[in-house]
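Structure, as structure tokens:
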Amino acid sequence: MSLCFVALSVLSCGKVAEVKELNIIPEPVFLETKTGSFTIESPLMICLENLNQDSQTIRYIDQSLRKMHMRPSFESDSKQSALTLVLSKDVDSVLGNEGYRLTVSDEGIVITANSETGLFYGYQTFVQMLPDDVSTTTYSKVSVPMCAILDYPRYEWRGSHMDVCRHFFPVSQIKKHLDVMAAYKMNRFHWHLTEDQGWRLEIEKYPLLTEIGAWRVDRNDEDWNYPRNPEPGEKATYGGYYSKAEVQEIVEYAAQRHIEVVPEIEFPGHCCAVLAAYPELGCRRDTTYGVAVADYWPPTAIMCAGNDSVQTFLKEVFDEVVEMFPFQYVHVGGDEAFKKDWKNCPKCQARIKALNLKNEEELQGWLTAEIEKYLIDKGRRIIGWDEILEGFVTPSCTVMSWRGTEGGKVAARKGNDVIMTPVQYCYFDYRQADSLYQPQAIGKAFRFNPLIKVYQFNPTPEELTPDEASHILGGQCNLWAEYIKDGNHQEYMLLPRLCAMSECLWTPLASKSWEHFQYKVEHHKDRLTAMGYNVCWGSFKPMVAVDTLAQGGFNVTLTAEELGTEFHYTTDGSDPTVSSPVYTETLALPAGTTLKTLATYRGKEREGVYTFVF
Ligand code: ACM
Ligand code: ZN
């Protein structure tokens, strides 16, 4: 009687969803769709096998389903349940630690994995089978297509980085970032916590790092590249930092989403905020260090490698860092350490001599190795940006290759582990469409990483041998925040490019397909919007391929990045409007033709008129 009443009241308040096609991102390793569908209803009956309802993954799943108004109800009998989650007792060697199998049959949905991580990813796939607006619409019935999925990642390192130093972001924004990472099976959150423009982490032993180092004079309304210098005595009012309690909250939130947090504590460079707080750690006595108000180049502030207190400082900071972050990796920065001060510093020069080092690059190598030894004793591994290869690098150090893939190749050939994050595919501070139609972004217009470019990223260079390639742990996208002042803009730069990145890092190379992804991502833009994210709709400049014809003139083919884009065009020099003809096939154009295009997408004009002269 009461069950009937519950069912009726749910039916009356929820929508019924049609069977949805499968648009899973990242594309699973193996996916077979079958005819027919299975209908799930709210309340959703779930059965757990070999799993505790109190486990962190089940608590996550419970909360996630509640948010979608699916009203989970845990049952002990799998015959009654619509969704069964099975932690395998016998290891399924195909799946590894992160893989899962998911089947939808007329008996229900079953997700099986060797680990909670695998079940978590199977659940993320299941969520993507639900309607795109499931986070904003209450459904009483959803039909899921019958299918069989076998899935596991191509790479173990699927990272997403966030700079919280150039601009500061609240805990709520970091959680939003972690949520969307989890939805796309990304598993390493690289948290860039220290910079010239701010130190963002509470360290009890060095309170001035946050009392002074977390705050800069506010120049947010000025050009990042040309800010006014701070006036003498001007108050530092912009900034913030994360308390230890907040860090713990984020670490736990990430862990519940099977994401490891990789804190980055930069040395010896990018340290204005450190030197503003503790100037005695710098080489120079003839200067006043201050937290940088915006950009400055080259970043010459550097910790004094000849001063023993620098090692003490770093070790004591890392003592607290490893207490806060329970994961394996700690990032130690190491990029863009300009060594002018080291060349002029008697202490640094004396250290080079005493250690019989060749140059200042080797001095950085020595300092990094000392700190690495200290961290290895604490059971940790370090990562450094690829500049650390310029001095010397220990075999145990992981190299993050950002200046292209060259550093990564060198490191892999030496036998070092590598994370690939080459700027030309992975830097999400670059524009994703023509600069005329985008918010201000880093550098000039050629710093251009549209969705299609990100999708072309392959972390493993073809020229590596299988043994060398085994050192490529994976890749990640980096979101530097010089031009990103708030969460809305941060999401815009991240999405939907994160979807492309996740497919580059999860899906076997042979199963990647731009055309299929292009189709799927249209749905994911709607999904993400319904989830409350601010997505970029894409690039609407036509991609132009030109063939020279033997008889003179050109064959011109236009391709759109965004599926559903129509290019209206003219060839008579006039500006096209929405009434101009729509491009449908390759155009044969005489030499000297001016082709002008105007894009429409989802019923709106996008960007402006583009002109090409052939
Ligand atoms: C970097 O972009 N400087 C690592
Ligand atoms: Zn020095």
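The values are calculated or read from the model by the stated rules, or taken from the named source; none is laboratory data. Quantities reported herein were computed from a predicted structural model and do not represent experimental measurements. Cβ atoms come from the backbone with ideal geometry, glycine included; neighbour counts cover every protein chain shown. Ligands, DNA and RNA are excluded from the accessible area calculation, which covers all protein heavy atoms including side chains. Shrake-Rupley method; radii C 1.70, N 1.55, O 1.52, S 1.80 Å.
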Do we have any residue at all in region 49-66 that's assigned to a helix (DSSP H, G or I), open to solvent by 30 Å² or more (accessible area, probe 1.4 Å) and modelled with pLDDT under 90?
-> no
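Which is touching a helix residue (DSSP H, G or I) at 6+ places or on another chain (Cβ under 7 Å) and among the aliphatic types (A, V, I, L, M), of ILE442, ILE472? Break it down into steps so the answer makes sense when it comes.
Values: ILE442 fails: touching a helix residue (DSSP H, G or I) at 6+ places or on another chain (Cβ under 7 Å).
Selected residue: ILE472, the only one of ILE442, ILE472 that is touching a helix residue (DSSP H, G or I) at 6+ places or on another chain (Cβ under 7 Å) and among the aliphatic types (A, V, I, L, M).
State the number of residues belonging to region 188-209 that are open to solvent by 10 Å² or more (accessible area, probe 1.4 Å), more than 18 Å from TYR121 (Cα to Cα) and in contact (Cβ under 8 Å) with a residue 24 or more places away in the chain. Show your work before the answer.
Taking region 188-209 as the starting set, the residues that turn out to be open to solvent by 10 Å² or more (accessible area, probe 1.4 Å) are 188, 202, 204-208.
Right, trim to more than 18 Å from TYR121 (Cα to Cα) and you get 202, 204-208.
Subsequent filtering for residues that are in contact (Cβ under 8 Å) with a residue 24 or more places away in the chain retains 202, 204-206, 208.
Residues in region 188-209 being open to solvent by 10 Å² or more (accessible area, probe 1.4 Å), more than 18 Å from TYR121 (Cα to Cα) and in contact (Cβ under 8 Å) with a residue 24 or more places away in the chain: 5 in total.
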Please identify the pairs in which a residue from region 472-485 that is farther than 28 Å from CYS397 by Cα has its Cβ atom under 7 Å from the Cβ atom of a residue that is within 16 Å of ligand 2 (Cβ to nearest atom), counting only partners at least 6 apart or on another chain.
-> none
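Do we find a residue being within 10 Å of ligand 2 (Cβ to nearest atom) and surrounded by fewer than 15 Cβ atoms within 10 Å (Cβ to Cβ) anywhere in region 364-374? Break it down into steps so the answer makes sense when it comes.
Initially, region 364-374 is screened for residues within 10 Å of ligand 2 (Cβ to nearest atom), giving none.
Within region 364-374, not a single residue is within 10 Å of ligand 2 (Cβ to nearest atom) and surrounded by fewer than 15 Cβ atoms within 10 Å (Cβ to Cβ).
Which members of region 584-610 meet the condition of being over 27 Å from VAL535 (Cα atoms) and in contact with a strand residue (DSSP E or B) (Cβ under 6 Å, 6 or more places away or on another chain)?
THR586, LEU587, ALA588, LEU589, THR594, LEU595, LYS596
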Any idea which of VAL251, VAL261, VAL247, VAL274 is outside any loop (DSSP other than H, G, I, E, B), crowded, with 20+ Cβ neighbours inside 10 Å and within 16 Å of ligand 2 (Cβ to nearest atom)?
-> VAL274
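When region 188-200 is examined, which residues are found to be of a type in the set (S, T, N, Q) and part of a strand (DSSP E or B)? Working first, answer last.
Of all residues in region 188-200, those of a type in the set (S, T, N, Q) come to 194, 197.
Passing the criteria: only THR194.
Please determine, by comparing only the residues of region 20-48 that are assigned to a strand (DSSP E or B) and open to solvent by less than 10 Å² (accessible area, probe 1.4 Å), which one is nearest to LEU87 (Cα to Cα). Working first, answer last.
Filtering region 20-48 down to residues assigned to a strand (DSSP E or B) leaves 30-41, 44-48.
If we keep only those that are open to solvent by less than 10 Å² (accessible area, probe 1.4 Å) as well, we get 40, 44, 46-47.
Numbers: ILE40: 22, LEU44: 19, ILE46: 14, CYS47: 11 Å.
Once the filter is applied, the top-ranked residue is CYS47.
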With respect to LYS343, determine if the residue is within 16 Å of ligand 2 (Cβ to nearest atom) and over 26 Å from the mean Cα position of the chain (by Cα).
-> yes
Answer yes if at least one residue in region 329-343 is away from ligand 1 (no atom under 16 Å from the Cβ), in a loop (DSSP other than H, G, I, E, B) and farther than 14 Å from TYR374 by Cα, and no otherwise.
-> no
The one condition ARG285 fails out of (1) under 30 Å from ALA245 (Cβ atoms); (2) part of a loop (DSSP other than H, G, I, E, B); (3) within 16 Å of ligand 2 (Cβ to nearest atom) is (1)
Restricting attention to region 346-363, the residues that are touching a Cys at 6+ places or on another chain (Cβ under 8 Å) and open to solvent by less than 20 Å² (accessible area, probe 1.4 Å) number exactly 2
Pick out the one residue from LYS185, LYS235 that is modelled with pLDDT of 95 or more, open to solvent by 50 Å² or more (accessible area, probe 1.4 Å) and either part of a loop (DSSP other than H, G, I, E, B) or within 30 Å of ILE302 (Cα to Cα) (or both).
-> LYS235
Tell me which of these ALA255 doesn't satisfy, since it passes every other one: (1) among the small types (Gly, Ala, Ser); (2) more than 22 Å from the chain's Cα centre (by Cα); (3) over 22 Å from ARG351 (Cα atoms).
-> (2)
Within region 412-431, is there a residue that is aromatic (Phe, Trp, Tyr) and either within 16 Å of ligand 2 (Cβ to nearest atom) or out of contact with any helix residue (DSSP H, G or I) (no Cβ under 9 Å at 6 or more places or on another chain) (or both)?
-> yes
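For (1) in contact with a helix residue (DSSP H, G or I) (Cβ under 8 Å, 6 or more places away or on another chain); (2) under 18 Å from ALA148 (Cα atoms); (3) at pLDDT 95 or above, each residue gets a yes or a no:
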{"residue": "ASP77", "(1), (2), (3)": "no, no, no"}
{"residue": "GLY99", "(1), (2), (3)": "yes, yes, yes"}
{"residue": "SER105", "(1), (2), (3)": "no, yes, yes"}
{"residue": "PHE120", "(1), (2), (3)": "yes, yes, yes"}
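Show me the strands (runs of 3 or more DSSP E) entirely contained within region 79-176 in which 2 or more residues are open to solvent by 40 Å² or more (accessible area, probe 1.4 Å) and closer than 21 Å to THR57 by Cβ.
Values: elements: 83-87, 100-105, 108-113, 139-151, 157-163.
Fully inside region 79-176 and qualifying: 100-105.
Please go through region 328-340 and give me each residue that is in contact with a helix residue (DSSP H, G or I) (Cβ under 8 Å, 6 or more places away or on another chain) and more than 13 Å from ligand 2 (Cβ to nearest atom), ordered by number. Outline the logic, then answer.
Start the filter on region 328-340 by keeping residues that are in contact with a helix residue (DSSP H, G or I) (Cβ under 8 Å, 6 or more places away or on another chain), which leaves 330, 332, 334-337, 339.
Passing the criteria: VAL330, VAL332, GLY334, ASP335, GLU336.
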So, first residue free of Cβ contacts under 8 Å to residues at least 24 places away in the same chain and within 16 Å of LYS67 (Cα to Cα) in region 116-143, second residue among the hydrophobic types (A, V, I, L, M, F, W, C) and open to solvent by less than 10 Å² (accessible area, probe 1.4 Å), Cβ within less than 7 Å, six or more apart or across chains; the pairs are none
Residue count, region 301-328, condition in contact with a strand residue (DSSP E or B) (Cβ under 6 Å, 6 or more places away or on another chain), within 21 Å of VAL393 (Cα to Cα) and open to solvent by 10 Å² or more (accessible area, probe 1.4 Å), comes to 1
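When you look at GLY404, is it at positive phi, within 16 Å of ligand 1 (Cβ to nearest atom) and surrounded by 22 or more Cβ atoms within 10 Å (Cβ to Cβ), yes or no? Walk me through it before giving the result.
On the way: at positive phi: yes; within 16 Å of ligand 1 (Cβ to nearest atom): yes; surrounded by 22 or more Cβ atoms within 10 Å (Cβ to Cβ): no.
Spelling it out, it is not the case that GLY404 is at positive phi, within 16 Å of ligand 1 (Cβ to nearest atom) and surrounded by 22 or more Cβ atoms within 10 Å (Cβ to Cβ).
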